[in-house]
1. Report whether or not Glu37 is part of a helix (DSSP H, G or I) and either on the phi > 0 side of the Ramachandran plot or out of contact with any strand residue (DSSP E or B) (no Cβ under 7 Å at 6 or more places or on another chain) (or both).
2. I'd like to check something: does region 155-168 contain any residue that is farther than 30 Å from Glu117 by Cβ and over 22 Å from the mean Cα position of the chain (by Cα)?
3. Taking the stated definitions as given, is Val109 surrounded by 21 or more Cβ atoms within 10 Å (Cβ to Cβ), among the aliphatic types (A, V, I, L, M) and in the same structural domain as Thr39 (by TED's automatic domain parsing)?
4. Residues in region 170-180: is at least one of a type in the set (Val, Ile, Thr), buried (at least 20 other Cβ atoms within 10 Å of the Cβ), at pLDDT 95 or above and not in a helix (DSSP H, G or I)?
5. Test each condition in (1) in a helix (DSSP H, G or I); (2) under 30 Å from Lys204 (Cβ atoms) for Ile249 and report the one that comes out false.
6. Can you spot a residue in region 91-101 that is within 22 Å of Leu63 (Cα to Cα) and surrounded by fewer than 22 Cβ atoms within 10 Å (Cβ to Cβ)?
7. Got a sec? Which of Leu38, Leu66 is under 14 Å from Lys114 (Cα atoms) and crowded, with 22+ Cβ neighbours inside 10 Å?
Amino acid sequence: MKIGFLFPGQGSQSIGMGKDLYEKYEEVRKVYEKVKELTGIDIAEMTFHGKEEELNQTKNTQLAILTMSLAILAVLKQQGMQAEVSSGLSLGEYSALINSQAISLEEGVKLVQKRGEYMQELVPEGEWLMAAIMGMTEEQVQQVCQKVTNGFVVPANFNTTGQIVISGEKEAVEQAEVIAKELGAKKVRVLKTAGPFHTEKLIKASEALRKELEHITIHDFDTAVVKNLDGTVYTPKDDVKDILAKHIISPVQFAKSLETMLEMGVDTFIEIGPGRTLSGFVKRLDTDQDITILNVNNVETLERALDDFGDGGKNHLK
């Protein structure tokens, strides 16, 4: 058995997420307090008792999801649960990098705070949307975007077999939705995001983040991390700072990332953080391999994972 951790990205947030974990585990509370100390933002108060509109602001969403993922991770590690490889969707890559020790928790949290601010504030004027297209190939989605005449829209996230996210101007995305359905898409779903993420329109945010990245230290990787940029494992030769700067203006190759993890022998995927989105992506992969998928997003699922793979289940681990 080989475990791979998966960390969710923006769009998986909801009011109340992580509350039961916070109330039960001291390790969870410590992470939330550390993030508050580092950023000045009370993620617990915002997430457990705040308004959805506030949580859905990109600058808050990213920090809240990162905090919850790191808090769960703290409990898992304290209980002896590890993974040899990890990956994250967009924002989730930062959780994976912190998990691998390539970026310290302190610097990673501050970096994500800036990333969220830049991705919210340094967006061109206009109305922007992202939408997931189900039931079409990469080539078909490319054709859909090319047929749009109402503005800018491009593929942004290649999530899994038969699910690709497009990103761009509101009218263009809406026209793409109509075209996609005409060409046989099973479903098109607008996402809970607020900008043209993973497109060239965020070049100013990318440049601002690049300057922030100059001040952080990249350490040796403790465990392997599969990157969004091309779906391959980070190597010692990679310029991690350059990759993260390009990250927010480049399409997310998450389907390739999952395929790489399968090729590395991962047969147990554990999604750490709010929602079940990434678990769904794994289920849709076109593979004959026997795969186990777990979500860890509340006390019940955390305890189930620990029973199977923590100290009590060490015989399962390599």
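The values are calculated or read from the model by the stated rules, or taken from the named source; none is laboratory data. The structure displayed is predicted, hence computed values, not measured ones. Every residue, glycine as well, gets a Cβ built from its backbone with ideal geometry; the counts of neighbours run over all protein chains shown.
1. Answer is yes for this residue.
2. Looking only at region 155-168, we keep the residues that are farther than 30 Å from Glu117 by Cβ, and these are 161-162.
Keeping just the survivors that are over 22 Å from the mean Cα position of the chain (by Cα) gives none.
The answer is no, given that none of the residues of region 155-168 is farther than 30 Å from Glu117 by Cβ and over 22 Å from the mean Cα position of the chain (by Cα).
3. Criteria met by Val109.
4. No, that holds for no residue.
5. Against the list (1) in a helix (DSSP H, G or I); (2) under 30 Å from Lys204 (Cβ atoms), Ile249 comes up short only on (1).
6. Yes, that holds for at least one residue.
7. Numbers: Leu38 fails: crowded, with 22+ Cβ neighbours inside 10 Å.
Answer to the selection: Leu66.
A quick yes/no check of all residues on (1) part of a helix (DSSP H, G or I); (2) not charged (D, E, K, R):
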| residue | (1), (2) |
| --- | --- |
| Glu23 | yes, no |
| Lys30 | yes, no |
| Asn60 | yes, yes |
| Leu70 | yes, yes |
| Lys110 | yes, no |
| Glu117 | yes, no |
| Gln120 | yes, yes |
| Glu125 | no, no |
